[in-house]
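The values are calculated or read from the model by the stated rules, or taken from the named source; none is laboratory data. Quantities reported herein were computed from a predicted structural model and do not represent experimental measurements. All Cβ positions, even for glycine, are placed from backbone atoms using ideal geometry, and neighbour counts span all protein chains on display. All accessible areas refer to the heavy atoms of the entire protein, side chains included, with ligands and DNA or RNA removed. Shrake-Rupley method; radii C 1.70, N 1.55, O 1.52, S 1.80 Å.
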Amino acid sequence: PMTTVEPAPSLLITRALHSRLGTQVFIPQRFLAGIIPTALVEAYTFWQGSDDNIMGYITEGGSDDDEDDEDDIDASEQPVETGPSTRLKITLAKGQEVDSSGFCNSPAEALIQRVPVLDSNPEVEDVDTSRPILTLLNIMTAPPSSLLKRIGMLLSRLDNLSHVLVWSAAKVRTAHDACSIDVVELPRVNLSFKSKRVETVDGKVEHRLYSNDHDGLFISTSTESREIAERLLGSISHFIVLQNSDNDLFVLVPGCALPRRLNVDSSHLSVQVILDRRNKEWIDNIGEVRCYLYPVHNSKSFLVTPSLASSMYLMVMYFITGSYREVFKMVDSCVSEDLSPEEAQIFNQLEFLGNDMHPDAHACRLKLSAVTVGLGGEMKCPWSIQEEMVEYVRKSGYVSSACRLTPQEELLLLKLGVAEAGTRLPLVLLNRRAFVTAVSNVYQLPPDKSLTVKLGAIKTPEYAEFDCGADKTIIENPKKQMATSKLFGAAYSRPEEDQVAYGGLRALEYINSALTSGVEVTSSQYGFPLMYDLLVGTVAFKLHPSDRTHNWGRLLVRIVPPADFRSKSAEMSILRILADNPTVACHPNIPKFQIDSAVNKFKGMFQGKDAVSRLISEVHSFLVKESIQSMLIFPGTHKVCVNQTAVILRRPTSASEHRLWVVPQINDYSREDFALDIQNCSAVNIPLAQLQAFASKPLAPIKLESFVQYLSRGQRRLPLVSSAIPFEIGHERATKTHCSEATMQRITADMRKYAEKENAETVPTLVGFSPTDIDALHGSSAALSKAQNQLTSLIRSLNTSMDFDRKSLANLMNRALAIVNSDERSDTPYAGGAVGECNFLRFRLGQCSEIE
């Protein structure tokens, strides 16, 4: 669009199929880009008639106008296939203004209609009356609060508006006629919706958009369902919520968009998602089904992933948006020995997340490496296990509890790291292996025994420590001065104020020159006099208006060579004391450095009265004053860190010890019973009536007796069961024996008991639907209306009960999790004293920081 094209001859393609259509001019797709939706531009070939109206003919297999004019000519060739098809009729309504520029700028409105035809042959136009003529609605120009605008904004989560087509089946003659919304299509996502008028059990009439691809599901517009989906998906935003008549929720996510993380500068981690919806290779690998449908569990606590591709796509989206806890949970379900092209391209997106240095990101990548062991090249992780393990060990204290690896997983990954690199593990991983091995065995130790883990130590590089204690030379021995103090004091020239006081380029050049040349105490230009002037504020050096010259002096003092600050001298002692005591440095009576004239410089050097010597004497007198002594603060000596060479482990005596070893994961899903503290469960108060109903009649709360009646066999128009034996064998000789007579008596008794049981038994039946009531429905409208009202009341009661049960289930699950995770206290505050309360608060703080 930004390319400038010089005027040049162009090719005009015309055709005359028959007299009714007249002469038609071929319109290249690029001329319609941005005027009508791209989904239609890609699907149709357009010809303009002599009346300026445009006709669009379906292009089998679509077309691509991205390759210049040659594709336009190819696109003009009509398909030879025949069969049911559609055509676009674009009727132009020209404005009253005249285009005087000659660049096609005259305004006009268009009425775009899709007409079904029986034959795709462009020479024949037989309208298919069994299918409706649809009129395209313009989402872009719809009022902000209109239904059309809101539907368009909702569906823009699934695809760009250029590929969202909203149609009306109403008869429309002009672009301003009122119409309904009947069909919504998203061709690139292979989705379509149809509007239906539905009367609910409560008698309310609703217009819903039902999915043509997922039977019985319609778009949910309730705030509650959207909030549930947002809570489950986190920062994932390209989705819509579907539901069915039973209020079951489903999350629909388009899978034909290639997800990537927005790359920004390294100052912060970006979790913003970029969706490439035009990647042809990605779309071709998806296949026909280009959306993932995730049912929401009845507890509203998690999503159900029906396929491996849907699990992997959701895991990648969680990874991109920084939901590492969810990624770690899903890793185990995203493993397969054989991957389809769709699954492989989703898995390959993990390669572009290798620059995520979050501690939990390292844990997720290592977890995926651990679960894909032995799967060969199908799921070969695109990162170095050894490098990831080094980063995980360094950041292990910051890994959240939900993403923590077990000791067994760490040992497995360390073995894989050796096999992958083919060399010896680095020292940090050797130490980690020794430590994790010891941790795995620490629970087998006797209570009175300990285990010593020897660690390899890295040699610490030698460096000069500036903070080596207080330097009081100027106070205790002011005559201990540097031998060259007279020289650098005489050669010092204070910088001009306009050079350093107003910031800008000149001040920046000055400080760069100082750092490049080297700051030394004995330097005549960037030495003791300059640093002293900066500390006491004589030289007003600033790069920023809010800069303090004392801070610049402190900076220069700390970068002097080690030879200057290791040797105790009066000059260095002055600089140290003033750098550590800004209140003393800005004291109004502090001596200033006085620069002698040229004659006095040499005279003072031989008489011992040079500028530096005088300053040292004056500063000594100033600092020994009692009032100044009380203001002085001398920094302490910092201890040098010594590498640890051994760790002593003992068996934990309580659950509060060694919390970083605790991995809150369920590893054995085959167990039938799980232990739960009964004392904690007693905190969940379930009404007694609900418990009794659950144990006997779960539907008792809806007053089941008003909807169900028990009918006898007579009321069901069934004959009584006879107690007589249906056969007669008394005349047989074999029946006269003792055993045969006992058998016949038993059979007779069984038949009598069976008949009594069947004749006395009643069967539950809906009230109003007994055989007599059903016969009355055929001839009485009042009876039919009564039966309908009875069913409506029953459905309403069941829906109310189901909603209550779902909310109760969600609340009870949350309460159970809160109790298990100690979000709710089962003990009395301060029951364990101050120590117990501190431990509890420490645990709660760890939960807030995701360590617990």
Checklist line | Reduced Cα scattering model of segment 231-307, Debye log10 I(q)/I(0), q = 0.13, 0.16, 0.26 Å⁻¹ | finding: -0.52, -0.74, -1.22
Check: Which entries in Lys149/Lys194; Lys472/Lys609; Lys542/Lys625; Lys89/Lys280; Lys459/Lys568; Lys415/Lys454 show an alpha-carbon gap greater than 26 Å?
Finding: Lys542/Lys625; Lys89/Lys280; Lys459/Lys568
Check: Based on the mean of other beta carbon atoms within 10 Å per residue, what is the order of 272-285, 639-652, most packed first?
Finding: 272-285, 639-652
Next item on the list: Could you calculate the contour length gain from Asp803 to Lys196, that is, 0.36 nm times the residue separation minus the distance between their Cα atoms, to one decimal place in nm?
Entry: 216.1 nm
Item checked: Accessible-area composition of segment 83-150, carbon plus sulfur, in percent [1.4 Å probe] -> 56
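Sort His620, His638, His163, His207 by accessible area with a 1.4 Å probe, largest first.
Working: His620 45, His638 110, His163 10, His207 135 Å².
Ranked list, largest accessible area first: His207, His638, His620, His163.
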Note to self: Whole angstrom only: what separates the Cα centroid of segment 417-492 from the Cα centroid of segment 714-765?
What the structure shows: 96
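Quick one: which of 398-410, 581-593 comes out on top by average Cβ neighbours within 10 Å, and what's the full order, highest first?
On the way: 398-410: 18.8, 581-593: 15.0.
The peptides rank, most packed first, as 398-410, 581-593.
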Checklist line | Of (i) 403; (ii) 177; (iii) 199, the label for volume of the Cα convex hull per residue in Å³ derived from the coordinates | finding: (i)
Check: Using 17 Å as the cut-off for backbone N distance, which residues of segment 777-801 belong to the label zone defined by a point 7 Å from the Cα of Lys697 along Cα→Cβ?
Finding: 794-795, 797-798, 801
Check: How many percent of Cα pairs in segment 504-653 exceed 17 Å?
Finding: 68
Notebook entry, point to check: Which value, in Å², gives the accessible area per residue of segment 502-642 when a 1.4 Å probe is used on the protein heavy atoms?
Noted result: 52
Item checked: Evaluated over segment 512-583, the Cα radius of gyration and Dmax, each in Å -> 11.6, 36
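Residues of segment 223-295: accessible area per residue at 1.4 Å, in Å²? The partial results should precede the final answer.
Working: 3670 Å² over 73 residues.
In whole numbers, segment 223-295 has 50 Å² accessible per residue.
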Item checked: Radius of gyration and maximum dimension Dmax of segment 181-249, Cα, Å -> 13.0, 38
Item checked: Solvent-accessible area, 1.4 Å probe, carbon plus sulfur percent, for segment 324-408 -> 47
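Suppose all protein chains stay in the model; what accessible area per residue would a 1.4 Å probe give for segment 721-829, in Å²?
For segment 721-829, the solvent-accessible area averages 70 Å² per residue.
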Check: How much length, in nm to one decimal, is gained on full extension between Asn355 and Lys609, taken as 0.36 nm per residue of separation minus their Cα-Cα distance?
Finding: 85.1 nm
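Which order do the peptides 251-259, 220-228 come out in when sorted by mean C-beta neighbours inside 10 angstrom, highest first?
On the way: 251-259: 22.2, 220-228: 15.1.
Result, highest mean Cβ count within 10 Å first: 251-259, 220-228.
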Notebook entry, point to check: At a 1.4 Å probe, what is the % contribution of carbon and sulfur to the accessible area of segment 456-513?
Noted result: 52
Next item on the list: Treat each spin label as a single point 7 Å out from the Cα along the C-beta direction, and report the Glu60 to Ser712 distance in nm.
Entry: 7.4
Check: For the pair Ser621 and Leu430, how long in nm is the line joining their label points, each one 7 Å along Cα→Cβ?
Finding: 6.4
Check: How far is it, in nm, from the label point at Ser50 to the one at Ser100 when both lie 7 Å from their Cα along the line to the Cβ?
Finding: 3.2
Next item on the list: Would you tally the net charge around Glu123, using a Cβ to Cβ cut-off of less than 12 Å, leaving Glu123 out, and scoring K and R as +1, D and E as -1?
Entry: -1
Notebook entry, point to check: Taking segment 1-57 as the region of interest, what is the percent of Cα-Cα pairs per 10 angstrom bin, listed from the shortest bin to the one with the maximum distance?
Noted result: 20, 44, 32, 5, 0
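Kindly point out which whole DSSP H helices in the chain project their C-alpha atoms 24 angstrom or further along the helix axis while averaging a Kyte-Doolittle hydropathy of 0.0 or above.
781-820
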